[in-house]
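> After the C-alpha cells below, expect a handful of questions from me.
The values are calculated or read from the model by the stated rules, or taken from the named source; none is laboratory data. Since this is a predicted model, take the numbers as computed values, not measurements. FYI the Cβ positions are ideal-geometry reconstructions off the backbone, even for glycines, and counts take in every protein chain you see. Protein only, heavy atoms only, side chains kept; ligands, DNA and RNA dropped before computing areas. Shrake-Rupley method; radii C 1.70, N 1.55, O 1.52, S 1.80 Å.
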Amino acid sequence: MMLDSAPSSHQTLLKLLDLEEWIEKFYTFFARKKDFLIQGNYLAHKKIIDELEVIQIPPMPKIPHLDTQILHLKKFGTLHKEDIYYFLQIVGYFHRLKKHQHIISQPTLHQMLEKILIPESLLSLIDIFDDDKNFKEGIYKELDNLNRAISHTTKQIQSGLANLLSLSGLQEFLVDKQIHLINNTQTLLLKAGYTRVIKGSVLMRSQSGFFYLLPQNIQNLYQKQKDLEDEHSSQMYKICAELSEILRKHI
C-alpha cells in the first residue's frame, strides 16, 4: 500500500483522524510512490493548488523511482530501454504542461513551469517510444529491418513445421499432429524409424519411448533467428548507449 511509504508518525495521525482511506485515494494521483506532505512555502503551494483546482490537466504517467538510474548515468553507464522511456515520459509530460492552454491562464502555475527549460536535444526524443515502451517504427531503420527479419523467420518456422506435419512420407511416424514445445523449441513427436524420411536432432525422449525431434531445416531457421536476435540486441545496446549519453549531459 502507498500509505506504508509515509513515516510512522504520519500513519498514526491519519489513523486517529480516520483519513487513511482518503489518503489512499489521494495517492492514486501521484506519479510515483512518495510521502503526501509537501515541503516548502505553504502559501506558495496554496496558490498553485488553488489554480490547479479550477483546471483540468493531463493525468501523470506512472513513473518508478529513478535515483539508481541517475547514479548509473553519472558513472557513465548505459541505461536499459525502459529506463530511458521513463525519463522521456517525465520530459514529455512537463513539455505538454508548459503548452497546456488552461495552465497558461493561471499566473503562478504558469510562471513556475516557465522556469523549467527543456533542452532541444531532449525535446527531439519525447516521441520516439510507443505506449508499449518500444521504439516507434521509422525512428531506427536498421532496428526496423531486424524486427521484420525476425518476424519473417518466426513465420518460416511455423510454416515449415506445418508443411512437415502434412508430408505424406512422415504420416506413419507421427505420434500426433501437434507441435510440442521442448526447451522453448518447437518439435515433432515421432515414432522409431523416422530417420528414413527426415533428419534432425532429438531433444528429448517421451515416457512412451517416442522422440521429440527438431527437424534439420527448422534447426537452421532457429539458428538464423538467434543470429538476428543477437544482432538486434547489439543494435539496441548501441541505440541505448547513444540515448544515455544525451541524457547524461542533462543529469
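> If you bin every alpha carbon distance in the stretch 145-222 into 5 Å steps from zero, what whole percent lands in each bin?
3, 15, 28, 26, 15, 7, 4, 2, 0
> Largest first, what is the accessible-area ranking of LYS141, LYS98 with a 1.4 Å probe?
Values: LYS141 155, LYS98 40 Å².
Largest accessible area first, the list is LYS141, LYS98.
> Between ILE179 and GLU24, what is the label-point separation in nm under the 7 Å Cα-to-beta-carbon projection?
About 4.5 nm separates the two model spin labels.
> How big is the accessible area of ASP132 in square angstrom, nearest 10, if you roll a 1.4 angstrom probe over the protein chains?
Around 120 Å² of this residue is reachable by solvent.
> Treating the beta-carbon of each Lys and Arg as +1 and of each Asp and Glu as -1, no other charges, what is the dipole magnitude of the stretch 121-221 about its Cα centre, to the nearest 20 debye? Please list the in-between numbers first.
Details: 10 positive and 9 negative charges, 131 e Å.
Roughly 640 debye, rounded to the nearest 20.
> So what are the ³J(HN,Hα) numbers for the stretch 214-230, from phi and the Karplus equation (6.51, -1.76, 1.60; θ = phi - 60°), rounded to whole Hz, Gly and Pro as x?
Values per residue, Gly and Pro as x: 9, x, 4, 5, 6, 4, 5, 5, 4, 5, 4, 5, 4, 4, 5, 5, 5 Hz.
> Using +1 on the beta carbon of Lys and Arg, -1 on that of Asp and Glu, and nothing else charged, what's the dipole of the stretch 1-95 about the Cα centre, debye to 20? Each step should come with its number before you reach the end.
Values: 11 positive and 12 negative charges, 88 e Å.
Using Cβ point charges on Lys, Arg, Asp and Glu, the stretch 1-95 gives about 420 debye.
> Any chance you could list the semi-axes, whole Å, largest first, of the equivalent ellipsoid that the Cα gyration tensor gives for the stretch 21-72, using √(5λ)? Write out the running numbers ahead of the final one.
Numbers: eigenvalues 107, 46, 34 Å².
Each semi-axis is √(5λ); the values are 23, 15, 13 Å.
> Using a Cα-Cα cut-off of under 21 Å, which lysines could be cross-linked to LYS47, ignoring same-chain neighbours fewer than 8 residues away?
Of all the lysines, those that pass the test against LYS47 - Cα under 21 Å, at least 8 places apart if same chain - are LYS98, LYS99, LYS115.
> In deg cm²/dmol and to the nearest 500, what is the mean residue ellipticity at 222 nm of the chain if only DSSP H runs of at least 4 residues count, each as -39500 (n - 2.57), divided by the residue total? If you can, show how the numbers build up before the last one.
Details: 10 runs with 130 residues, N = 251.
Calculated at 222 nm, the ellipticity per residue is -16500 deg cm²/dmol.
> Same structure, new question: Dipole size in debye (nearest 20) for the chain around its Cα centre, Lys and Arg Cβ +1, Asp and Glu Cβ -1?
640
> Would you work out which of ASN145, ILE239, ASN183 lies farthest towards the positive end of the dipole of the chain, given +1 charges on the beta-carbon of Lys and Arg and -1 on that of Asp and Glu, about the Cα centre?
Farthest towards the positive pole: ASN183.
> Give the accessible surface of the chain per residue, rounded to a whole number of Å², with probe radius 1.4 Å and ligands, DNA and RNA excluded. The partial results should precede the final answer.
Working: 16480 Å² over 251 residues.
Value returned for the chain: 66 Å² of accessible area per residue.
> Could you tell me, in Å, what Rg and Dmax come out for the Cα atoms of the chain?
Computed over the Cα atoms of the chain, radius of gyration and Dmax are 28.0, 86 Å.
> Another question, then. Using a probe of 1.4 angstrom, how much of the accessible area of the stretch 1-146 is carbon and sulfur, in percent?
Numbers: 5840 of 10160 Å².
About 57 percent, which is the carbon plus sulfur part of the accessible surface.
> Further question: Counting Lys and Arg as +1 and Asp and Glu as -1, what is the net charge of the other residues whose Cβ lies under 15 Å from the Cβ of GLY40? Walk me through the numbers before you get to the answer.
Working: positive: LYS34, LYS46, LYS47, LYS115; negative: ASP35.
With Lys, Arg at +1 and Asp, Glu at -1, the net is +3.
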